[in-house]
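Structure first, then comments.
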Amino acid sequence: MQGAKQVKLSFNCDLDERTEWEIQQKGWFEQAVVHLPDGCSVPVCFWDPVRLSQDMETDLKIGQNLYR
């Protein structure tokens, strides 16, 4: 699309077999950045739904209830 502004996703590491294995073991990945058309960059994190649920339950038990 000519003239369309694009959002880009980049990674702060090599996405190799080792990284894929680590992501599967941890259930989350935080080495990514979204680059917006206005020039801003936003770090992003991806969570496996099961891992996210477990972490949220633990956080609620200790009184932490804010996610950004």
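Straight-line cross-link partners of K5 among the aspartates and glutamates, defined as a Cα under 14 Å from its Cα and at least 8 positions apart when in the same chain: D38. Sequence-distant contacts, meaning Cα pairs under 8 Å at least 6 residues apart, place the relative contact order of region 8-61 at 32 percent. Partners of K61 within straight-line reach, counting lysines whose Cα lies under 26 Å from its Cα and excluding those fewer than 8 residues away in the same chain: K26. The smallest convex shape that holds all Cα atoms of region 14-65, its convex hull, gives 103 Å³ per residue. Rounded to the nearest 500, the 222 nm mean residue ellipticity of the chain from helices alone is -10500 deg cm²/dmol, with -39,500 (n - 2.57) taken per DSSP H run of at least 4 residues. Fewest-first ordering of T58, T19 by other beta carbons within 10 Å of each residue's beta carbon gives T58, T19.
Read-outs throughout are calculated quantities, based only on the coordinates presented, and are distinct from any laboratory measurement. Because the structure is a prediction, the values reported are computed rather than measured. Counting neighbours? That spans all protein chains shown, and the Cβs are built from the backbone with ideal geometry, glycine included.
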